[in-house]
Every structure is written in C-alpha cells, then in structure tokens.
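Peer 1: Sharing a structure with you now.
Read the figures in this text as sums done on the coordinates, not as results from a lab. Please read these numbers as outputs of a predicted model, since none were measured by experiment. Reconstructed Cβ throughout: ideal geometry from the backbone, glycine too, with neighbour counts over all protein chains shown.
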Amino acid sequence: MSKAVGDFGGIVLARHNYRESDMLVKLLTDRFGKKMFLLHRARKPGFRLTAGILPFTLGEYVGTVNDPGLSYLTAIKHAEQFQSIANDITLNAHATYILALIDQAFPDGEPIARWYGQAVDSLRLIDGGIDAAVVTNITEVQLLEAFGVAPNWQGCVVCGRSDLPLDFSEQYGGVLCRDHWRLDPYRFHVAPKAMYLLRQFSTIRLGAVHSITVGDATKTELRRVLDRIYLDLVGVTPKAKKFLDQLPSWQAKLPPKQ
C-alpha cells in the first residue's frame with residue numbers, strides 16, 4: 001500500500017452516511033484524482049471539519065491519502081462553498097451533472113489535474129452567473145475523449161475542408177462537409193449555429209470565458225445533438241442527468257412566485 005501525507009486541493013463530489021456517526025466523502029483532488037475519505041464522527045454535532053465537506057465545496061485539505069483503500073482528512077486550511085449553486089435547484093442540477101460525468105469518465109485514484117481545473121472553472125462560472133446549460137455543454141463536448149469517443153470537429157473527416165457547411169456524422173466519427181453529406185444518410189442535420197458552437201466548444205478554454213449568450217432554440221439543438229452522441233456513442237447517463245431532464249416539467253408545476 002502506498003501512502004501520501006500532505007496538502008491538496010479538492011472538490012466535494014459526494015457524501016454518504018457510514019456506520020452510526022461516520023461519513024464517507026468523495027473528493028476530486030488536484031494531486032490524486034478521485035479519492036474516498038472516511039471521516040469519523042462527521043455526523044456528530046460540532047464536528048470541526050463540517051465546513052469543508054459540504055456539497056459544492058472547494059477546499060485546501062490536509063490528510064493521509066492511501067492507495068488503495070480509504071483515505072483520511074486531518075485538517076482543512078480553507079474552504080469555500082459555491083453559494084449560488086447550493087441555493088438554486090437549476091444551477092445545482094447542472095453542477096451535479098458535470099461532476100457526475102467527470103466521476104464516471106475516470107477511474108478512482110487516477111491523477112486528472114486538467115479535469116480538476118476544469119471542474120473548478122465550471123463551478124466558478126456557473127456560480128458567477130454564466131449560463132449553466134452552456135457550461136454543461138462545453139464540458140460534455142470536451143469529456144467525449146475521456147469516454148473513448150473523440151469526434152473530429154474541426155474539418156470534414158473525408159477532405160478536411162471547414163469552409164463549407166458542416167454536419168455531424170456518427171458513422172464517420174466527426175463532421176462532414178456539404179460535398180460529402182451524401183455519404184451518410186443518417187447524419188444529424190445539426191442547425192448551423194449549433195454546429196458552429198460545438199466546434200468552438202471542443203477547443204475553448206473554460207478559464208478564459210467571461211460571458212457567453214446562446215439563444216433558447218440553439219440550446220435546445222445543442223441538447224438534442226449531445227444527448228444523441230452520449231446515448232449512441234458513450235452509453236453513460238448519470239442519475240443527475242435524468243433529474244436535469246425532468247427539471248423543466250417539475251418546475252412548470254410549481255406555483256408562480258409572488
């Protein structure tokens with residue numbers, strides 16, 4: 001068994017009650033990937049590390065990280081909770097889905113510093129008011145490679161051209177230009193605005209995003225295309241995605257705000 005003792009950054013992914021008063025907390029860490037931590041007496045009143053293990057918390061932790069097996073937290077140097085996400089059901093649903101996708105894309109214990117940074121950027125943007133649906137779409141597009149699906153978004157997979165109208169082809173694993181649409185009668189027929197954004201999303205750096213505006217019709221089209229790609233090519237549907245899909249109909253049943 002290997003063991004590391006020291007400081008590390010982390011994002012709370014999940015929490016589970018364990019035994020009579022303990023808790024298991026799963027963190028996405030900057031150094032060790034995803035790790036499960038056992039916190040003794042975490043459900044007792046006055047537990048000193050409570051602020052650092054709340055949902056949607058980003059923290060600087062001190063602990064013992066074991067590989068394999070459970071790890072242990074000994075101190076929390078700093079913790080911040082993304083308050084807007086924690087207090088808004090829609091933002092909460094998007095953030096939960098993003099973290100669930102990252103969780104499913106990588107095995108526990110595999111260092112994924114890039115995706116730790118991506119998760120931090122995603123939560124900061126959503127908490128800061130950037131459109132949560134768009135941040136989610138960007139994450140979905142960029143995570144495809146981690147799931148073993150790496151579409152060619154930048155140019156026609158047949159001839160390389162990007163100056164003609166493009167469409168997505170599941171059969172060809174990327175985009176086809178208009179001259180080659182005939183090769184795939186089942187191409188997605190992606191609306192031009194959504195096609196443009198999908199190509200941008202594949203390379204955009206989330207940390208550089210300061211504002212982004214996407215119309216409702218285009219967001220609906222992005223959702224259609226990405227849902228089909230994930231269903232057909234990835235085969236992963238976290239429980240958080242099902243809740244996200246049901247959220248509009250659930251919210252429609254709520255009484256109007258006074």
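Peer 1: Under 14 Å from the Cβ of Lys239, count the other residues' Cβ atoms, weight Lys and Arg +1, Asp and Glu -1, and hand me the total.
Peer 2: Surrounding charge for Lys239 is 0.
Peer 1: For segment 85-252, what's the relative contact order in percent, using C-alpha pairs closer than 8 Å and at least 6 residues apart?
Peer 2: Reported as a whole number, the value is 25 percent.
Peer 1: Treating only the Cβ of Lys, Arg, Asp and Glu as charged (+1, +1, -1, -1), what charge dipole size does the chain show about its Cα centre? Round to the nearest 20 debye.
Peer 2: So the magnitude is around 560 debye.
Peer 1: Rounded to whole Å, give me the distance from the Cα center of segment 104-161 to that of segment 193-218.
Peer 2: Between the Cα centres of segment 104-161 and segment 193-218 lies a distance of 12 Å.
Peer 1: Over its Cα atoms, what ratio of radius of gyration to 2.2 N^0.38 Å does segment 2-81 give?
Peer 2: 0.98
Peer 1: Another question, then. Of the labelled options (1) 26, 24, 19; (2) 37, 22, 15; (3) 33, 19, 19, which one gives semi-axes √(5λ) of the Cα gyration tensor in Å as computed for this structure?
Peer 2: (2)
Peer 1: Moving to a separate point now. 5 Å is the cut-off here: which amide hydrogens, built 1.01 Å from N in the peptide plane, fall below it relative to Phe37, excluding neighbours closer than 5 in sequence?
Peer 2: Val25, Lys26, Leu27, Ser71
Peer 1: Quick one: 3J(HN,Hα) in Hz for segment 163-172, Karplus 6.51/-1.76/1.60 with θ = phi - 60°, rounded, Gly and Pro as x.
Peer 2: Residue by residue, segment 163-172 yields 8, 10, x, 10, 9, 8, 10, 5, 4, 9 Hz.
Peer 1: State the extension gain, in nm to one decimal, for the chain segment bounded by Asp245 and Glu145, taking 0.36 nm per residue of separation less the distance between their alpha-carbons.
Peer 2: Going from the current span to full extension adds 33.7 nm.
Peer 1: Using the count of nearby Cβ atoms within 10 Å as a rough guide to exposure, how do Ser122, Ser2, Ser84, Ser71 rank from fewest to most?
Peer 2: Ser2, Ser84, Ser71, Ser122
Peer 1: Summing -39500 (n - 2.57) over the DSSP H runs of n ≥ 4 in the chain and dividing by its residue number, what mean residue ellipticity at 222 nm do you reach, to the nearest 500 deg cm²/dmol?
Peer 2: One gets -10500 deg cm²/dmol as the mean residue ellipticity at 222 nm.
Peer 1: Starting with the fewest neighbours, write out Asp227, Asp103 ranked by other beta-carbon atoms found within 10 Å of each beta-carbon.
Peer 2: If I rank by nearby Cβ atoms, fewest first, I get Asp227, Asp103.
Peer 1: Follow-up. Defining a contact as two alpha carbons under 8 Å apart and six or more residues distant in sequence, what relative contact order in percent does segment 2-81 show?
Peer 2: With pairs under 8 Å counted, the relative contact order is 33 percent.
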